[in-house]
Amino acid sequence: MPFSTRSEAVFASVPAATLMRIDALPVQNVQLVLAAGAGKTVTAGVPPFSSGEENAWVRRVLAKTECHALSLVTVGSMIGDSGGAWRGVVEALQRRWMDPSLECSDGDAPWPSVRAALDESFWTLSDEVFRAVFPALGIPPARVCLPVLARLWQSTLGESVVAGGTSAGPVDGVLTSNVEQLVNALIQVGLVRRDVDDASGDLIAVNVHPVVGEYALSLLGDATPATHQQMVDAYMNGLGAVSRDAHGWRRVPFWEVPDDGYWYDNVVRHVAAAGDVCGLISVMDPEWQAARVRESSLLAFQADVELMLTALTAVIRDATPGVTHPPVLLGRVHAALASAYTERFTGGRWLNMEMAVMHWGSAVALVPHADAPVLWTEWQSGLGRACRALVGGVRADSLEAAIACCQRALHASTRGAAPLQWAAMQVSLGDALIDRVVGDASNSIEAAIACYYKALEVWTREAAPLDWASTHINLGAAYHQRDAGDQAINMEAAIACYSQALEEHTRSLTPVQWGMANHNLGIAYYHRLLGDKAAAIESAIACFQSALTVRTREASPFRWGSTQHHLGMAFRDRMFGDPATNRKTAAACFESALAVRTRAAAPINWAETQYQMGVMHHGRHGEGAMGAADVSVAVACYSRALKVYTPEAAPQQWMDANCSLLQALVDGGSWSAAVESVMDTE
């Protein structure tokens, strides 16, 4: 037999034996190991397998085993034993990877499966405690630090260590020597590999090959969800251990546990695998989002959102007999899904908001107001926010639906009974009123401003500094769009609001809101009417560049594209520096914006950037047209914008683009095309 699962213990007693770790081999060696197992003659400098063999089965075996030495030798031996008839072995390997009954035989003696070979190592473990702790290694990642192992094995050690002759206390008191004793036993039989700190020489972690991890998971079997839950409980250590309410709900505050480099990156995975509905709902708690972004990144939180979406979607689709959840808890599930779709980056904004509206609607429909008045009001407000954010359909109808939802929520709530909730609903109503396209726009904006000031009566800087700051961002947007009063004064008010928001929103504490406030402040400076225009544009550029330090393409592609678009406008109109360099920078910004603001994904935004590029090439804000070629490019940009801008969908933008197109055609001497353009607009 060309291999042994007993690793160090066996090889030490075999003369001239070469120790081979049960781990991933170097790429250049894996085919040699497989070939040796299959009994092929290997010649130096000659590939051990033909190209036909590589395409037919070798690559499949390498992919399945992930270059795991023991697995390669096992599979190679099975193929060699069958005289090179690989098909049955490889197909059985892929279908029954961890089936202990899988055997291949030439009629004389069967060769065991990879699972059976690993079983030999497992049953070589001398102590029942060693065998008890190993299966749990199927649930963490491939590399596990010793403190994490202590928590992973806490429940098993607590129950089994006495019987095994080892002593252990609570998780923080599990002696390093105890964990190392368990680790050394697993290393001796070749199931894991030690990771030693080069500087100190101490054992700091173990590495579990994915094949061995899959084997451990197969041993865990039906106990897998409970093991994931035990890991969560070991970390929580009593935090949030409150009784469930009458509807089966309890908040799981895993953000209150300090991150140790493992917890934050794995807690949602453990909660999902455990099937903990309350834990999954808690993923969308604002405190977890803030902690995850602060300690890790926005992309890390997005990964949590994807895990949560998959797990909670399975909950509402579960038709398992006897598995039922109270309506209010199911309503919470739908509300959490709605929040997740609202925050989600992947999948397309249009589809995500459609799903958010659907789940908010399901939550409201499941639970009458009388059964859970506070939740029902929150969900109505959430439905209003989602309707406001809808991309598809008739925009006016969506906004009217949003306003109606917010008004229903406010009707069911009072400032005295739930002041914080009441303030949040005032902000939601204000947001919908700002976007309203039905009725008098000026009146809607005045009503929105009134809503924000009502919210600020509750959300004071002292009582709720971050909510106060966020409301100032919204209030700044309202002043920016305000028609009533002096426009210059309104813009100054907008600048003041955004600046106040940045006094509380910081890059380190609230990077998303800090980026938004800088982005909006940049737009306000760009449109500033008082003071030095050149200085205002410089301030705008500085704000946009600050925003882009957190609004990255990877973390927030559409927000990144929006800021790139506005930065392009600012550089295009810049009064300092070399004009040619400024235009080149502006063009690069616009091209960056168009990389994400595509016609398919965001048609209105795509048209907006096309239009502004046309302005740049036309020289409308410069020293006149920059030549026939530039005018031709401008005409093309305006024409592309008009493929999206229509009198019905965007009347003002349609009119502006048509006027600019007409002027560009005239400037370029295309009189007949200019006449046709005029005729088309009538």
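Data overview
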| quantity | calculated |
| --- | --- |
| Inverse mean reciprocal Cα-Cα distance (Kirkwood Rh) of the stretch 307-450, Å | 15.8 Å |
| Residue exposure sequence - I604, I79, I139 - by fewest surrounding Cβ within 10 Å | I604, I139, I79 |
| Radius ratio Rg over Rh of the stretch 534-601, counting only Cα atoms, Kirkwood formula for Rh | 0.99 |
| Neighbour-count ranking [beta-carbon atoms within 10 angstrom, fewest first] of I489, I537 | I489, I537 |
| About the Cα centre, charge dipole magnitude for the stretch 177-318 (Lys/Arg +1, Asp/Glu -1 at Cβ), debye | 360 debye |
| Rounded to the nearest 20 debye, dipole of the stretch 273-377 from Cβ charges on Lys, Arg, Asp, Glu | 160 debye |
| √(5λ) per eigenvalue of the Cα gyration tensor, the stretch 417-470, largest first, Å | 23, 10, 8 |
| Overall dimensions of the stretch 459-597 by Cα: Rg and Dmax, Å | 15.2, 50 |
| Qualifying trypsin sites (Lys or Arg not before Pro) in the stretch 385-438, DSSP loop, other Cβ atoms within 10 Å at most 16 | R415 |
| Mean Cβ neighbour count within 10 Å, used as a protection proxy, ranking 447-454, 276-283 highest first | 276-283, 447-454 |
| Taking S499, S444, S126 and counting other C-beta atoms within 10 Å, the order from fewest to most | S126, S499, S444 |
| C-alpha center-to-center spacing [the stretch 274-318, the stretch 509-554] in angstrom | 31 Å |
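Any read-out appearing in this document is the output of simple, stated calculations on the displayed coordinates, not a laboratory observation. Please read all numbers here as calculations on a predicted model, not as lab measurements. No Cβ is skipped: glycine too gets one built from the backbone with ideal geometry, and neighbour counts run over all protein chains shown.
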